[in-house]
Every structure is written in C-alpha cells, then in structure tokens.
Amino acid sequence: MKLFTGLVFCSLVLGVNSWLSFMTEAAQGAWDMWRAYRDMREANYIGADKYFHARGNFDAAQRGPGGVWAAEVLSNARENSQRVTDFFKYGDSGHGAEDSEADQFANRWGRSGKDPNFFRPPGLPDKYK
C-alpha cells in the first residue's frame, strides 16, 4: 500500500510540474503572439501581414508545447472571429476566405518552425525582427 501511495504521490508531483511548465509556455507564447500583433499594427506596412502571422506563431512555438498550443488557439480564434465579422459586414459573399486561408498557411508555417522571413516583405524596417 505504501508503494502504491508513493507512486501516486510522485505521479501527481511530476504531473503538476509539467502542467505548470505547459502553462508557463502557453502564457509566454500568448505574449509572443501579442507582440507580433502589436508590431504589425505599429508597422502598418502593406504586405507584411503574413510575415507577422508567421513570426508570432514561430516565436510562440519556440517556447515548447504550451506555446504551440497557445499559438494555435489564438490563431484559430482570430481567423474565426474575422469570418464572423466579415459575414456581418459583407454577407455570405465568401469575402476574405482566401485571405483567411493564406493567414492560416502562414500561421502553420511559423508553428512548424520554418523561417518566418519567407513572408517578410522587402523594405520592412529591421526593427520588426
């Protein structure tokens, strides 16, 4: 019985530690996503949207599994909310579906660890790296 209790206790301790690590990574990943969004708004640079999508997801994914999870959840929430607002703004016209898919492609690219600079437009200031 003591062995079983000890095993359960150790499992809980290790589980809590990994759970805390996951949550820390997720919070840091969410911050990376926010920083990329803030930079995108500040830069206001035509053609840079996909770069910032890829960069935010890339930075978040570098944090670990929690960062990947946060990047995926936030990216999907952003794209889904945009579809809803586009529906009310444009009706059922399919407006923005192609752009949304291109955004999701850039999101997946960044989360997979590929270089976000693939999407970097020429002339974007070095400040946004």
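Here are some notes:
- Being hydroxyl-bearing (Ser, Thr, Tyr), open to solvent by 70 Å² or more (accessible area, probe 1.4 Å) and closer than 27 Å to Ser21 by Cβ is a description that does not apply to Tyr45.
- Among all positions in region 47-64, there is at least one residue which is touching a residue at least 60 places away in the same chain (Cβ under 8 Å) and among the hydroxyl-bearing types (Ser, Thr, Tyr).
- Selection status of Trp69, at pLDDT 80 or above, surrounded by fewer than 17 Cβ atoms within 10 Å (Cβ to Cβ) and of a type outside the set (S, T, N, Q): no
- Scan of region 94-108 for residues that are open to solvent by 50 Å² or more (accessible area, probe 1.4 Å) and either farther than 17 Å from Ala70 by Cβ or small (Gly, Ala, Ser) (or both), ordered by number: His95, Ala97, Glu98, Asp99, Glu101, Phe105
- In region 25-43, the residues that are under 16 Å from Trp69 (Cα atoms) and outside any helix (DSSP H, G or I) never reach a residue that is open to solvent by 60 Å² or more (accessible area, probe 1.4 Å) and hydroxyl-bearing (Ser, Thr, Tyr) with C-beta atoms less than 8 angstrom apart, at least six apart or across chains.
- Annotation note: of Gly15, Gly47, Gly6, Gly29, the sole residue that is modelled with pLDDT under 95 and within 24 Å of Lys114 (Cα to Cα) is Gly47.
The values are calculated or read from the model by the stated rules, or taken from the named source; none is laboratory data. Predicted model only: the values in this text are computed from it and were never measured. When we count neighbours, we look across all protein chains shown, and the Cβ atoms used for this are built from the backbone with ideal geometry, even at glycine. Accessible surface is based on the protein model in full, side chains and every heavy atom, while ligands, DNA and RNA are left aside. Shrake-Rupley method; radii C 1.70, N 1.55, O 1.52, S 1.80 Å.
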